[in-house]
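Enquirer: Take a look at the following structure, please.
The values are calculated or read from the model by the stated rules, or taken from the named source; none is laboratory data. Not measured: the values here are computed from a predicted model. As a convention, Cβ positions derive from the backbone with ideal geometry for all residues, glycine included, and neighbour counts pool all protein chains shown.
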Amino acid sequence: MQTWLTATGDIVDNGIEFADVEQPYLDANGQLHGTHWGRIGLTFSDCGTGSMRWDGPSGWGSMEVPLARLSQLQGLSCGSSAQVGQPSAAWFDPAHYGSGFVFEKLNGPQIATIWFGFDANGNPVWLIGTIGTVDSNLYSGTLAQGVGPRFGAAYDASQFKLVPQGNLSAQFQCTNGSATFQVSAGQPGYLSPSLSLTRITLPLGVVDCTKVQ
């Protein structure tokens, strides 16, 4: 079963400390709550490498693993102080509180995408994918669910598989946007078919925009 965690961290030297990591869940009325999961620390050796250590509950344990950078926001190279306008941020539909997206505009016509939410039984789910430019402010692509190995010391990367769940189309304006999701045949349909998106974060170096980038 998948899960996802939330936390607000403190920048300490060359890393980030997340002292109160929460594991979200939905109650019987569909209301979002969180229970204390543990702590996570990130340390960065340079702009592209680092490590993550965690102290979690029973079943998760404590461990440290190396990290390698996978993506970089468009126009924001390592050490850059540039101010750019783009849709990179966390977004959500207020009508579907407890789920949302993280979009990262890459150096090219694509946006790395993560969706996090819950299935019909209240179990946490996350999907990933890359959506590409259809026109100046419309992007489309497939989101897939990662399934396979268990998290932790016995993790076997060869068992990890991506199961396509459907096609996401997203259109962005400065602080709002819209998205539609077409479910793949035979898949459960985790996302609403129509979403009205609101921006909820502004990454460092990304400025509030006045036009679509």
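Enquirer: If GLU64 satisfies all but one of (1) part of a loop (DSSP other than H, G, I, E, B); (2) of a type in the set (D, E, K, R); (3) in contact with a Ser or Thr (Cβ under 7 Å, 6 or more places away or on another chain), what's the number of the condition it fails?
Expert: In the conditions (1) part of a loop (DSSP other than H, G, I, E, B); (2) of a type in the set (D, E, K, R); (3) in contact with a Ser or Thr (Cβ under 7 Å, 6 or more places away or on another chain), GLU64 misses (1) alone.
Enquirer: Which one of these is in a loop (DSSP other than H, G, I, E, B), buried (at least 16 other Cβ atoms within 10 Å of the Cβ) and either at pLDDT below 95 or at negative phi (or both): GLY79, GLY98, GLY59, GLY41?
Expert: Exactly one of GLY79, GLY98, GLY59, GLY41 is in a loop (DSSP other than H, G, I, E, B), buried (at least 16 other Cβ atoms within 10 Å of the Cβ) and either at pLDDT below 95 or at negative phi (or both), namely GLY98.
Enquirer: Still on this structure: Considering only residues that are over 30 Å from ASP156 (Cβ atoms) and of a type in the set (A, V, I, L, M, F, W, C), look in region 62-76 and name the one that is modelled with the highest pLDDT. Explain how you work it out, then say what you get.
Expert: Of region 62-76, the ones over 30 Å from ASP156 (Cβ atoms) are 73-76.
With the extra rule that they be of a type in the set (A, V, I, L, M, F, W, C), the set shrinks to 73, 76.
Working: LEU73: 91, LEU76: 87.
Filtering first and then ranking leaves LEU73.
Enquirer: Could you pull out the residue among ASP135, ASP208 that is loosely packed, with under 13 Cβ neighbours inside 10 Å and not assigned by TED's automatic domain parsing to the domain that holds HIS96? Can you show your working first?
Expert: Working: ASP135 fails: not assigned by TED's automatic domain parsing to the domain that holds HIS96.
Selected residue: ASP208, the only one of ASP135, ASP208 that is loosely packed, with under 13 Cβ neighbours inside 10 Å and not assigned by TED's automatic domain parsing to the domain that holds HIS96.
Enquirer: Among the residues of region 18-34, are any in contact (Cβ under 8 Å) with a residue 24 or more places away in the chain, in a loop (DSSP other than H, G, I, E, B) and either surrounded by 17 or more Cβ atoms within 10 Å (Cβ to Cβ) or touching a strand residue (DSSP E or B) at 6+ places or on another chain (Cβ under 8 Å) (or both)?
Expert: The answer is no; no qualifying residue exists.
Enquirer: Another question, if that's okay. Among the residues of region 1-17, write down those that are polar (S, T, N, Q) and without any contact (Cβ under 8 Å) to a residue 60 or more places away in the chain. Even if it seems obvious, please write down each step before you answer.
Expert: First, the residues of region 1-17 that are polar (S, T, N, Q): 2-3, 6, 8, 14.
The answer is THR6, THR8, ASN14.
Enquirer: In addition: When you scan region 171-183, do you find a residue that is surrounded by 14 or more Cβ atoms within 10 Å (Cβ to Cβ), modelled with pLDDT of 95 or more, over 23 Å from SER71 (Cβ atoms) and touching a helix residue (DSSP H, G or I) at 6+ places or on another chain (Cβ under 9 Å), even just one?
Expert: Taking every residue of region 171-183 in turn, none turns out to be surrounded by 14 or more Cβ atoms within 10 Å (Cβ to Cβ), modelled with pLDDT of 95 or more, over 23 Å from SER71 (Cβ atoms) and touching a helix residue (DSSP H, G or I) at 6+ places or on another chain (Cβ under 9 Å).
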